[in-house]
Amino acid sequence: MTQSGTMDGAGVTGFAGAGLAFVRGRAMSLLDMMVGIWIFTGGLVLFEPSPYELTFLVVLPLAFVAGMGIYRSTFGLLALLVAFTPFALVACFQVRFTPISDALIFSIVTIFLLLTSYFIANYVAGDTERRMRIVMRAYTAAAVICAIVGTLAYLGLIPGADIFLRYGRAKATFNDPNVYGPFLILPAMYALQRVLLGRGRMQFWAGAIYMVLFVGVFVSFSRAAWGHFAFSSIIVLGLCFVLEAAARDKVRIMIMSLLGAAMLVVALAGLLSIPSVQSLFEVRAAGQNYDSGATGRFGRQAYAFELALDNPLGLGPHEFANLRIREEPHNVYVSVLHVYGWGGGAMYYLLIILTLWRGTAALARPSPIGW
């Protein structure tokens with residue numbers, strides 16, 4: 001009876017284990033789909049809470065059911081998140097004009113977004129190449145749709161275009177052109193890499209995506225986004241050229257670069273042939289009155305930096321606009337200091353430095369992760 005009981009117990013245990021494995025397998029397949037949807041909703045931020053935040057509330061428990069792992073390689077990011085949190089919360093209680101509840105909501109949203117970065121780092125670490133493709137395809141789809149909506153709205157070719165514009169500039173499904181423009185740059189660089197290294201239909205579709213995103217960034221009329229797009233394109237081109245060993249491929253990259261540059265010039269000339277586009281381009285390309293002076297862009301940044309030095313614990317969220325200069329400094333490296341204090345700023349700077357270091361180290365060694 002003991003032997004029979006043991007066999008029965010083993011059978012039950014084996015059945016339960018098989019059932020758990022089946023549930024986790026199905027949950028993992030569903031997780032991949034939900035992560036794609038979640039990333040895609042990152043391009044929809046016309047209202048709050050955004051679909052990105054709400055969708056994550058489905059993705060996170062699904063990841064637990066699927067048994068998604070936590071990896072040692074992501075512990076550094078977790079340490080920065082944990083270290084940043086107390087500084088962000090302490091800064092909320094330094095506010096003088098903003099309700100503490102509003103300041104806490106602002107900081108909690110920031111911490112939540114950091115948590116999502118930690119989640120996606122572990123998700124990608126589990127199956128890097130396949131899952132990174134899921135993330136980038138969803139991101140690219142969202143960016144292309146945003147760029148098309150922004151461009152058509154700017155040209156007045158869709159009804160209700162005003163909801164997708166601000167200050168006469170495209171913002172698509174974002175709240176500000178200066179957020180919409182930079183959102184398009186990463187998928188544009190992803191497409192550019194495939195233009196330079198791909199073949200056949202991949203090159204064609206990647207080139208089309210790059211052109212759509214180029215136009216989308218242009219109609220944002222964000223000078224920072226313009227510079228970011230151009231500088232990033234040069235970096236991607238240079239890295240593809242240097243890291244490609246075959247001389248034949250290097251010649252092909254040079255030819256593709258020249259053809260691509262010519263197509264961009266033609267597209268830009270076509271846009272500038274539209275009088276309203278040319279007028280706004282001339283205004284944005286020239287120096288702006290709000291860039292100079294004590295209350296201009298750079299004056300605000302200097303004032304914000306002085307405030308940060310005088311307030312080690314930070315001013316707290318939304319406080320800057322209640323002081324001598326109402327407009328925000330529009331510089332994240334300065335804002336993070338006066339919003340979250342020296343400690344929060346240091347954690348953010350460390351995140352940037354470590355990201356650059358790890359990225360440079362990854363470029364310096366061979367990798368099985370191809371394009």
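The values are calculated or read from the model by the stated rules, or taken from the named source; none is laboratory data. As the structure is a prediction and not an experimental result, all values here were calculated from the model. Cβ placement follows ideal geometry from the backbone for every residue including glycine, while neighbour counts extend to all protein chains displayed. Surface accessibility is based on the protein's heavy atoms, side chains included, excluding ligands, DNA and RNA. Shrake-Rupley method; radii C 1.70, N 1.55, O 1.52, S 1.80 Å.
Brief remarks on what is shown
- Dipole magnitude of the chain, debye to nearest 20 (Cβ charges: Lys/Arg +1, Asp/Glu -1, about Cα centre): 980
- For the set D102, D249, D310, solvent exposure ranked by accessible area (probe 1.4 Å, protein chains only) runs largest to smallest as D310, D102, D249.
- Theoretical FRET efficiency, 1/(1+(r/R0)^6), r = Cβ-Cβ of E282 and Y349, R0 35 Å, to 0.05: 0.45
- Inter-label distance for D162 and M254, nm, one decimal - labels placed 7 Å from Cα along Cα-to-Cβ: 5.4
- In this structure T360 has an accessible area near 90 Å², from a 1.4 Å probe over the protein heavy atoms.
- Here the simple spin-label model places points 7 Å from the Cα toward Cβ, and for A21 and L113 these points are separated by 4.2 nm.
- FRET E, pair M33, A121, Förster distance 22 Å, beta-carbon r, rounded to 0.05: 0.65
- Solvent-accessible surface of the range 125-189, taken per residue with a 1.4 Å probe and all protein chains present: 43 Å².
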